[in-house]
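Trainee: Once you've had a glance at the structure underneath, I'll fire off some questions.
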Amino acid sequence: MLERLLHFVTGSPAFQFLRSVTPFDFLSDSELKRATDALTIEYHAVGSTLFVQGQSEVSDLYVVLKGALEVIKGSPEVVDDPVSQGDPGAQGSVSRLLGAGQAYGAAAILTNGGIALSTVRAHQDTFLYALPKPLFLELCTAHREFHDFFADALGPRMLERVGLTLRQKWLVGVPESDALRFGLTVGEICARELTWCDAAESIRDAAQRMLSRRVSTLLVGDGVRLAGIVTERRLLEEVVAAGVDVRRAVSEVMIPPAAPVAASTPLADAMEVMVRANVGALPVADSQGTIVGLLTDQELLVAQGSSPMDYLRDLAQTQLLKDLAERRSRLPRLARTLMLEGSRIESLTWLVSTVSDTTLRRLLEMAIGELGEPPVPFAFLTLGSEGRREQTLVTDQDNAIVYADVAGKEELSARYFAQLGERVCAWLKEVGIAYCHAHVMASNPQWCQSLSAWKDYFTGWVRVPDPKAVLNSNIFFDFREIYGDFSIAAELRTHVRELLEPRPGLFFRLVAQEVVRQRLPVGLFGGVAVATRGKREDVFDIKLPISRISDLARLHALWHGVEPPNTLERLRQLAGRSVLEARQCLDLQHAYCFLMQLRLAKQLSALNEGAELDNLISVKEISSLERKFLEDTFRLIERVQEITRRRFVRTV
C-alpha cells in the first residue's frame, strides 16, 4: 500500500545527495536548491507495488534515496537507468534493481503520457525522493544536458517501442496465411539429435553411418569440437560423381563449418548467416560453445512449410524473365513478415538487397549466355544504397562495370560490355527496378569502363575535386562487387584506399562542406518542418535524414580508412576512432534504424492499400512518440553536422 510522507524536505542532506547524482550535478546551485525545496519523500514497504505497467500514472520523477526498487521488464522500454544502455540482459520478462541515486519515471513522463512503462515493486524497505512532474519538465526544457541524460537513456528502448507501434499501426490486419514464421528462434526448430564421426573415419564408413541413422548431415569432430560437416549432397557431388576412393578419410571431403550461432538467435538472422556463407547447415552452440544442435534447410521446411533459402535459390535458378519478375513480386510479403516478427532492420534491408543481388546475378548469367563469354575479366558493381545493402522497396538502379585492361582488346571489350550493360539494365527495368534518373548505370558508357579508366576517375575526384566530385563520392565510394572477377574490384578498392591515406585536405573539405550544408527541414520551434507535395499536405521526405546519416558516416569512414560501405557497420567501427564519441555513434545507429523502420513500414502499408510507393511521411500519420524520436534524431544529426564542420571545414 502506497504510503506518502506529506512533508517537504528541508536543510542540506537532499541538496548534498543530489549534487552527487547525475544529471542533477549539471544544475547550478540555485536551480538545485529549487529542486530540493520541491522534493517530497515517499516510503514503500518491501514487497509493495508502486506502479503497474500500462495502468498506473507516474506523476513524479523518483530517485532512490535508500533501499531498492525492482523494475519488472515486461516490455523493452522499462528502465530509466542509463547504465542499462546496451545491456544484453535488459530484454525480456526479467527484473532489474534500481539502487541509491538511480531514477525511475522519466520514460513514462517523456514518452508515454505519464503512464507506467513497467511494473515497479519495493525490493527492500525503500525511501524515494519525488520531484514533481512540472518541475522535472521545466528543468528538461531549460537544460539540454539534463534532458539528454534521460532522453538518450531511452534510445534502444524507444527504438523497440517505436517498432512495435509501427507494426501495430501499419502492418496488422493483412492476411498472413502463407507467411513464413521468421519470428522463431534457432533453438525452437534446430535438430537436437546429432550424428558425429571422427575425421579419420573413411568416406564409406561415414556414408554407412548416415544411412543407418537416416540422417542427411554428419558432423565431423570429437563430439565437442566441430571440424567439418558432410552432407548427402556433398557425397553425391564430390565423391560419387567425381569417382573418389571411398577408403579415403572423410576429412578430405568435409565442408568447413560456419561459425556456430546461439540457440536464441532469431531465425531471420540465422537465415542471413546461411545465405551469406553459402552453407546449408548451421551449427548451434550453448553458452559454453558446445555444439548442441544443427539448423538445416530440412528444419526450415518442416517449421515453415517453405524455406527462405529455397526462395533465394529458386530466384537464382529462374530461367525466364517473366518468372523472375513474378518471384521478385513475393519480396514485399517476405519483408512484411520479417517486420511483423520484429526482425532487426539490418535483416530487412539485407533481405531486400540479397533479392536484388540474386536477381542481378541471374540476369548477368542470362545476358552472358546470349552474348557469349566476355573477352576479358570484369566485375559488375552495385552502387549507392544497393552497394551499402540498404535498399528498401522504393529503389532504382545504381550500377557500373569495370573490366580488365588487355592490350589489343580495347575496342572489343568496350563493344561487348556496352551491350552487356544495356541488356542487363533494360532487363532490370522489366523485372521492376526503375532506371536511375541520373543515368548512373552500366548502360551509360561513362560508367562502363576499363580498370585504368576507373582509377583515373577516382584519382581526379580525390586530387582535383570539384562539386561534381562531391556528388560522385556519395555514389561511387560505396561500390560493392557482386559478379565477375572480384580481384578487379579489389585492385580498384586498393587504389582508392591509397588515394585517401594521405587525407587530401581539399577533397575532404569539399565533401564535408556539402555534408554540413544540407540541413534538415526543421520548423520554427525545433519540430519537423512539413510541406505540400501534390495533393498531400503536411508531409516530409524520410529519405533526407537517412541520407544525412549515411553521408556523415561515409565522410568519417573515408577519413579513417573504414572499408565496409554499410552505414551501420561504418558507425560501429568509427566508435572510439573518430571525433565522434562512441555514444554519438550508437545514437546515430539507433536513429538510422528508427528512420529505416518508419520508411519501410510506410512503404509496406502503401503496398497493402494499393497506394503509390514513395518516401513521403505525413506528420498526421505518426504518433507523438514517433514524432519525438524524429525530432531527437534531427537534433542529433544537426549536432553531428556541427562537430563535422568544426573538424573538417575549418582545420583540414
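Trainee: Work out, step by step, the length gained on full extension between His560 and Thr290: first 0.36 nm times the residue separation, then minus their alpha carbon distance; give nm to one decimal.
Mentor: Net length gain for the segment: 93.4 nm.
Trainee: How much length is gained if the chain between Glu514 and Arg415 is pulled fully straight, taking 0.36 nm per residue apart and subtracting their Cα-Cα distance, in nm to one decimal?
Mentor: 32.0 nm
Trainee: Arranged by the count of other C-beta atoms within 10 angstrom, fewest first, what order do Ser550, Ser452, Ser413 take?
Mentor: With the sparsest Cβ surroundings first, the list reads Ser452, Ser413, Ser550.
Trainee: Most exposed first by the Cβ proxy, i.e. fewest other Cβ within 10 Å, how do Lys602, Lys429 rank?
Mentor: Fewest to most other Cβ atoms nearby, the residues stand as Lys429, Lys602.
Trainee: Oh, and also: Would you list Cys436, Cys190 from fewest to most Cβ contacts within 10 Å?
Mentor: Cys436, Cys190
Trainee: Tell me, what is the FRET efficiency for Arg313 and Asp222 to the nearest 0.05, using R0 = 25 angstrom and their Cβ-Cβ distance as r?
Mentor: The value I calculate is 0.15.
Trainee: Further question: If you plug each phi of the stretch 479-493 into the Karplus form 6.51 cos²θ - 1.76 cosθ + 1.60 with θ = phi - 60°, what whole-Hz ³J(HN,Hα) values come out, in order, with x for Gly and Pro?
Mentor: Per residue, the Karplus-derived 3J(HN,Hα) values read 6, 9, 7, 10, 7, x, 8, 5, 5, 5, 5, 5, 5, 5, 5 Hz.
Trainee: Taking 31 Å as the cut-off for C-alpha to C-alpha distance, list the pairs among Lys322/Lys468; Lys429/Lys455; Lys133/Lys535 that go past it.
Mentor: Distance filter (> 31 Å) returns Lys322/Lys468; Lys133/Lys535.
Trainee: Same structure again: Tell me, how many Å apart are the Cα centres for the stretch 382-398 and for the stretch 488-560?
Mentor: Using only Cα atoms to place each centre, the spacing works out to 15 Å.
Trainee: Karplus couplings for the stretch 505-517 from phi (6.51 cos²θ - 1.76 cosθ + 1.60, θ = phi - 60°), rounded to Hz, Gly and Pro as x?
Mentor: Calculated HN-Hα couplings, in order: x, 5, 4, 5, 5, 5, 4, 5, 4, 5, 5, 7, 6 Hz.
Each value in this text was obtained by applying a stated rule to the coordinates, not by laboratory testing. What you are looking at is a predicted structure, and each value in this text was computed from that prediction instead of being measured. Cβ coordinates were reconstructed from backbone atoms using ideal geometry, including for glycine residues, and neighbour counts include every protein chain displayed.
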